[in-house]
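Participant: Structure below; questions to follow.
The values are calculated or read from the model by the stated rules, or taken from the named source; none is laboratory data. Here the structure is a predicted model, which means the values were calculated and not measured. As a convention, Cβ positions derive from the backbone with ideal geometry for all residues, glycine included, and neighbour counts pool all protein chains shown. Just the protein is used for accessible areas: all its heavy atoms, side chains included, with ligands, DNA and RNA removed. Shrake-Rupley method; radii C 1.70, N 1.55, O 1.52, S 1.80 Å.
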Amino acid sequence: MNQQTSRLEMKKISIAFPGVQALSEVDFMAEGGRAHALIGANGAGKSTLMKVLAGAYDHYTGSIHIDGAEAAIRTPKEAKQYGIQIVYQEVDTALIPNLTVAENIMLERTVHEMKGRQWMNWADVHRSAKAVLERMNIYIPTRKLVSELSLAEKQMVLIARSMATKCRFLVLDEPTAPLSQMETEQLFRLVRLLKSEGVGVIFISHRLPELYEICEDITIMRDGQLVIREAIASVPQQRVVEHMLGAKLDGQFPERTSSPGEICFEARGIVDSGKVNDVSLNIRAGEIVGLAGLVGAGKTELCRALFGASNSAKGEVYLRGRKLRLGSPHVAVRSGLALVPEERRREGVFVDESVASNLTAAVLSRFTSWGTWLSRSKEKQASAQMIASLGIKTPSEGAKVRNLSGGNQQKVAIGKWLLADADVYIFDEPTKGVDVGAKRDIYELVAGLAAQGKCVLYASSELSEILGITDRMYVMYDGEIRKELTTSQTNEEEILLYSTGGMVE
Amino acid sequence: MKTASTARGRGAGNIVEFLYRYGTLITIFILVAVFGTMTDSFLSGSNIINILRSISIVTIIATGLTVSLSVGGFDLSVGSAASLANAIVISMFVWHGQNMFVGIAVALAFCIVIGLINAFLVTSFNIQDMLMTLATMFVFQGVALTYTKGATISENMIMPNGDFATGLIPDAFSKLGQVPWIIILMLLVVIAVHVFLNYTKHGRYMYMIGGNPEAAKLSGIAVKKYRLIAYLLSALFAGIGGVILGARVMNAEVNAGAPYLMDAVAAAFIGFSVFGAGKPNAFGTFVGAVLIGILSNGLVMLSVPYYAMDIVKGSVLALALAITYYKRKHA
């Protein structure tokens with residue numbers, strides 16, 4: 001049907017956000033009928049580049065050309081007019097759960113092509129939706145509600161929606177991260193079908209093996225810049241990883257000499273329905289153990305499972321040889337565990353409460369008389385001390401946490417557990433969204449905890465962080481621990497290789 | 001131009017801030033001034049006591065509701081709990097000839113059961129509290145109706161077998177529904193809950209659960225336990241309200257507690273804005289009830305027909321909510 005292959009070019013794309021140059025003069029090129037892998041470490045700018053293509057930003061510089069002609073893409077609508085469709089990783093944000101599959105697939109047509117017409121032709125909606133699904137060899141009943149679909153099926157529905165309108169280039173942003181092996185196979189069949197129809201697929205993924213399976217070309221990005229663009233067959237896995245990394249670490253990590261003691265914390269056979277797969281690990285007293293892995297590898301789920309915050313988690317956790325009962329954070333805290341969660345605004349702090357209330361939340365009993373009555377003076381004293389020692393920037397201990405900056409909120413979330421004086425500290429991406437100065441403070445805090453003989457588990461997808469602060473690390477991929485590494489004897493290439501599911505050849 | 005608009009923005013923010021903190025109190029003072037000048041007897045001591053007496057039952061029920069709101073819940077079944085407590089306490093005297101202690105104890109015991117059922121349902125299933133308690137509201141209302149067989153319970157009522165009921169309501173019990181005890185009880189409840197929510201660690205935990213349940217859980221707070229306690233207290237105070245209602249009217253009418261639900265909700269939500277608390281609080285709830293009481297009383301004195309009363313009440317609630325939520329959004 002479509003004789004000439006379409007060609008998409010992005011030339012010298014630059015975009016800046018307050019405080020960051022997200023992309024600088026990036027060139028990108030993709031062709032119809034081929035799948036193009038786009039890869040880069042976290043923050044390399046691949047999602048930003050694709051958002052520019054999808055018309056999510058209008059303040060970029062550079063130009064986009066389709067089939068040689070310049071395409072003015074500044075809004076999502078314009079992008080769609082040029083046949084550029086994007087399926088984001090969070091499929092739920094794009095679907096309307098209480099409508100049927102057909103309504104979701106035909107959504108754009110219903111919204112944009114109903115000019116002047118008032119009555120819905122339901123038979124036609126279902127017929128058209130069914131035709132699209134059949135063309136893609138997908139068998140989902142069009143009258144089913146989207147809320148009843150599995151994640152993979154939702155993804156299919158979104159892809160079908162893209163195909164229902166004009167689609168020449170389809171961007172898939174980490175489509176396989178939440179999928180099982182079989183579902184991934186199904187998705188790949190679909191991608192191959194699209195390719196044969198002349199659609200250009202741009203495939204963002206952290207999983208190296210699957211990129212080699214499905215893609216013809218690869219573009220590697222780093223720090224908002226293009227590194228290389230080549231045919232994927234000519235770049236071995238090892239080289240991809242090297243290109244993703246590049247720059248070496250800067251000396252922002254505290255100097256520390258560690259002398260780990262006995263094994264203090266141990267977990268055996270932790271399983272959490274599909275997200276964590278038979279994980280065992282141990283931490284010695286005074287040791288900082290890293291949990292490396294890419295976003296979506298299951299680090300957060302593992303941290304929550306260890307802390308008893310997941311109802312479906314199973315396995316055994318021992319603290320100083322004593323078995324802990326999993327299943328409730330309440331018990332975990334009383335046993336001496338502390339978790340600084342990743343989503344701090346949602347899970348870590350009480351934004352409408354004062355800094356003092358936040359800091360004392362985990363050990364409020366210490367600030368009461370007769371076990372019940374709050375002692376404001378004790379609270380005030382302890383929190384003033386903590387504010388000073390952590391360098392939290394707040395007008396007073398009575399200020400609401402809502403008014404603090406991200407880094408200071410994170411310090412509050414950590415300070416809560418410092419007051420609690422736990423034995424095991426689990427940090428989940430503690431420096432996410434925190435500025436450089438506060439990062440340094442947080443590293444020092446973590447190092448300080450280890451120096452006091454605490455066990456520290458440090459989950460992060462920033463490789464430099466894991467290398468800079470830990471003694472030892474576990475690398476996670478797809479819910480499992482792929483490799484245990486000693487920090488002093490490894491490097492970023494090795495960690496990244498294991499966390500992308502690669503193997504040493 | 002730019003500076004002018006930001007300055008104006010800040011000025012507007014200050015006015016909102018001021019209204020947010022003191023709007024409810026100012027409204028009360030304005031109302032008192034208006035009613036005081038327009039009528040002769042509004043500011044008389046007996047009328048003030050009259051107002052306090054009229055709001056006491058609403059306040060007690062609303063205070064219980066406030067506790068359920070503090071954990072982020074919403075107990076819509078308080079009116080039904082009050083009805084049931086009212087029916088049980090009066091029937092204990094009239095039908096079973098029990099003494100005052102037994103009557104009150106049995107009524108409150110049933111309310112604790114209501115609290116347990118509510119707590120079990122809202123913590124076990126992931127259903128919004130308001131929907132779940134909407135369902136239990138009907139259930140408990142039906143239980144109260146079934147228990148009374150849809151009849152009003154009063155001294156000397158005719159029993160189904162044709163006899164007259166012989167039991168008497170104790171005199172001491174009737175005192176609970178009269179001045180000064182009814183007002184004293186109300187103040188005790190408000191003070192007790194205020195102290196509980198603000199000066200004990202349990203209250204602090206409840207507010208934290210209401211503010212961010214996930215963070216509370218991950219801080220090791222026993223979320224389910226405190227939600228259970230909140231619903232128990234909510235039902236218990238509703239029960240106390242129902243018992244006092246019985247003492248005041250000396251009978252148990254069909255669904256006597258139901259009309260108190262909406263006033264209690266209104267009082268509790270107006271209370272959010274008192275002194276800019278921004279969250280459920282016992283003192284604010286009391287002020288909310290006072291505001292509603294003053295409005296009703298003053299409007300009656302101005303001969304506004306009773307059927308137009310709800311228009312004013314609803315408007316005041318809308319205003320209080322508008323200020324609270326506007327502030328939240330623009331904080």
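Participant: Could you check how many residues of the range A:397-431 are of a type in the set (Ser, Thr, Tyr) and over 17 Å from A:Leu339 (Cα atoms)?
Facilitator: 1
Participant: Any residue at all in the range A:487-498 that's open to solvent by 20 Å² or more (accessible area, probe 1.4 Å) and hydrophobic (A, V, I, L, M, F, W, C)?
Facilitator: No; the residues of the range A:487-498 include none that is open to solvent by 20 Å² or more (accessible area, probe 1.4 Å) and hydrophobic (A, V, I, L, M, F, W, C).
Participant: Against the conditions (1) assigned to a helix (DSSP H, G or I); (2) aromatic (Phe, Trp, Tyr); (3) buried (at least 18 other Cβ atoms within 10 Å of the Cβ), where does B:Tyr22 fall short? Just the number, please.
Facilitator: Only one criterion in (1) assigned to a helix (DSSP H, G or I); (2) aromatic (Phe, Trp, Tyr); (3) buried (at least 18 other Cβ atoms within 10 Å of the Cβ) is unmet by B:Tyr22, namely (3).
Participant: So, in the range A:411-432, exactly how many residues are in contact (Cβ under 8 Å) with a residue 40 or more places away in the chain and either touching a strand residue (DSSP E or B) at 6+ places or on another chain (Cβ under 6 Å) or not charged (D, E, K, R) (or both)?
Facilitator: Total meeting the criteria: 14.
Participant: Restricting to the range A:157-189, name every residue that is open to solvent by 10 Å² or more (accessible area, probe 1.4 Å) and more than 21 Å from A:Lys46 (Cβ to Cβ).
Facilitator: Within the range A:157-189, A:Arg161, A:Met163, A:Ala164, A:Thr165, A:Lys166, A:Ser180, A:Gln181, A:Met182, A:Glu183, A:Glu185, A:Gln186, A:Arg189 qualify.
Participant: Determine whether the range B:49-57 contains at least one residue that is farther than 29 Å from B:Leu321 by Cβ and touching a helix residue (DSSP H, G or I) at 6+ places or on another chain (Cβ under 9 Å).
Facilitator: Yes - at least one qualifying residue is present in the range B:49-57.
Participant: When you scan the range B:177-203, how many residues do you find that are more than 14 Å from chain A (Cβ to nearest Cβ) and not in a helix (DSSP H, G or I)?
Facilitator: Count: 4.
Participant: Quick one: count up the residues across the range B:268-295 that are within 14 Å of chain A (Cβ to nearest Cβ) and either in contact (Cβ under 8 Å) with a residue 12 or more places away in the chain or crowded, with 24+ Cβ neighbours inside 10 Å (or both).
Facilitator: Number satisfying all stated conditions: 6.
Participant: So which residues in the range B:146-175 are closer than 24 Å to B:Ile240 by Cα, in contact with a strand residue (DSSP E or B) (Cβ under 7 Å, 6 or more places away or on another chain) and not hydrophobic (A, V, I, L, M, F, W, C)?
Facilitator: Scanning the range B:146-175 gives B:Thr148, B:Thr152, B:Ser154.
Participant: Related question: Going by the conditions given, is B:Met92 within 19 Å of B:Phe173 (Cα to Cα), surrounded by 15 or more Cβ atoms within 10 Å (Cβ to Cβ) and touching a Pro at 6+ places or on another chain (Cβ under 6 Å)?
Facilitator: No: the conditions fail for B:Met92.
Participant: Would you check if A:Lys393 is open to solvent by 60 Å² or more (accessible area, probe 1.4 Å), within 12 Å of chain B (Cβ to nearest Cβ) and over 22 Å from A:Phe307 (Cα atoms)?
Facilitator: In short, no.
Participant: Can you work out which of the residues in the range B:204-232 that are crowded, with 24+ Cβ neighbours inside 10 Å and more than 14 Å from chain A (Cβ to nearest Cβ) is nearest to A:Ser354 (Cα to Cα)?
Facilitator: Only one residue fits best here, namely B:Ala230.
Participant: Please work out which one of (1) at the interface with chain B (Cβ under 8 Å from one of its Cβ atoms); (2) open to solvent by 50 Å² or more (accessible area, probe 1.4 Å); (3) farther than 30 Å from A:Gly298 by Cα is the condition A:Leu374 fails and give its number.
Facilitator: (2)
Participant: Where residues in the range B:241-251 are open to solvent by 40 Å² or more (accessible area, probe 1.4 Å) and assigned to a helix (DSSP H, G or I), which of them is nearest to B:Asn281 (Cα to Cα)?
Facilitator: Among those that are open to solvent by 40 Å² or more (accessible area, probe 1.4 Å) and assigned to a helix (DSSP H, G or I), it is B:Arg248.
Participant: Which is in contact (Cβ under 8 Å) with a residue 12 or more places away in the chain, under 25 Å from A:Phe427 (Cβ atoms) and more than 10 Å from chain B (Cβ to nearest Cβ), of A:Ala382, A:Ala362, A:Ala338?
Facilitator: A:Ala382
Participant: Which one of A:Val279, A:Val271, A:Val289 is closer than 22 Å to A:Arg325 by Cα, out of contact with any Pro (no Cβ under 7 Å at 6 or more places or on another chain) and open to solvent by less than 30 Å² (accessible area, probe 1.4 Å)?
Facilitator: A:Val279
Participant: Ok, one more. Closer than 11 Å to A:Gly40 by Cβ, in a loop (DSSP other than H, G, I, E, B) and either of a type in the set (Phe, Trp, Tyr) or open to solvent by 50 Å² or more (accessible area, probe 1.4 Å) (or both) - does that describe any residue in the range A:198-218?
Facilitator: no
Participant: Of these, A:Glu134, A:Glu103, which one is assigned by the TED database to the domain that holds A:Gly83, open to solvent by 80 Å² or more (accessible area, probe 1.4 Å) and in a helix (DSSP H, G or I)?
Facilitator: Exactly one residue qualifies, and that residue is A:Glu134.
Participant: Being closer than 17 Å to A:Glu301 by Cα and not β-branched (Val, Ile, Thr) is the filter; apply it to the range A:474-486 and report the residue that is surrounded by the most Cβ atoms within 10 Å (Cβ to Cβ).
Facilitator: Looking at the filtered set, the residue picked out is A:Met476.
Participant: B:Val254 is checked against (1) assigned to a loop (DSSP other than H, G, I, E, B); (2) at pLDDT below 80 and fails just one. What number does that condition carry?
Facilitator: (2)
Participant: For the structure I just gave you, tell me whether A:Ala177 is of a type outside the set (Ser, Thr, Tyr), within 23 Å of A:Val52 (Cα to Cα), in contact with a helix residue (DSSP H, G or I) (Cβ under 7 Å, 6 or more places away or on another chain) and in contact (Cβ under 8 Å) with a residue 12 or more places away in the chain.
Facilitator: Taking the combined requirement at face value, the residue does not satisfy it.
Participant: While we're looking at this one, here's another question. Out of B:Val254, B:Val300, B:Val265, I need the residue that is more than 13 Å from chain A (Cβ to nearest Cβ), out of contact with any Lys or Arg (no Cβ under 8 Å at 6 or more places or on another chain) and buried (at least 21 other Cβ atoms within 10 Å of the Cβ). Which one?
Facilitator: B:Val265
Participant: Please go through the range B:122-180 and pick out each residue that is open to solvent by 40 Å² or more (accessible area, probe 1.4 Å), of a type in the set (Gly, Ala, Ser) and under 26 Å from the mean Cα position of the chain (by Cα).
Facilitator: Once the filter is applied, which keeps residues that are open to solvent by 40 Å² or more (accessible area, probe 1.4 Å), of a type in the set (Gly, Ala, Ser) and under 26 Å from the mean Cα position of the chain (by Cα), the range B:122-180 yields B:Ser124, B:Ala135, B:Gly150, B:Ala172.
Participant: What are the residues in the range A:346-359 that are facing chain B (nearest Cβ under 8 Å), among the hydrophobic types (A, V, I, L, M, F, W, C) and either in contact with a Cys (Cβ under 9 Å, 6 or more places away or on another chain) or within 18 Å of A:Arg334 (Cα to Cα) (or both), if any?
Facilitator: none
Participant: Hey, A:Arg127 hits all of (1) modelled with pLDDT of 90 or more; (2) closer than 14 Å to A:Ala102 by Cα; (3) crowded, with 21+ Cβ neighbours inside 10 Å but one; which does it fall short on?
Facilitator: (3)
Participant: Could you list, in sequence order, the residues of the range A:15-36 that are modelled with pLDDT of 90 or more, over 17 Å from A:Arg222 (Cα atoms) and open to solvent by 70 Å² or more (accessible area, probe 1.4 Å)?
Facilitator: A:Arg34
Participant: Quick check on my filter: what residues within the range A:432-441 are surrounded by 16 or more Cβ atoms within 10 Å (Cβ to Cβ) and either among the acidic types (Asp, Glu) or modelled with pLDDT of 85 or more (or both)?
Facilitator: The one that is surrounded by 16 or more Cβ atoms within 10 Å (Cβ to Cβ) and either among the acidic types (Asp, Glu) or modelled with pLDDT of 85 or more (or both): A:Asp441.
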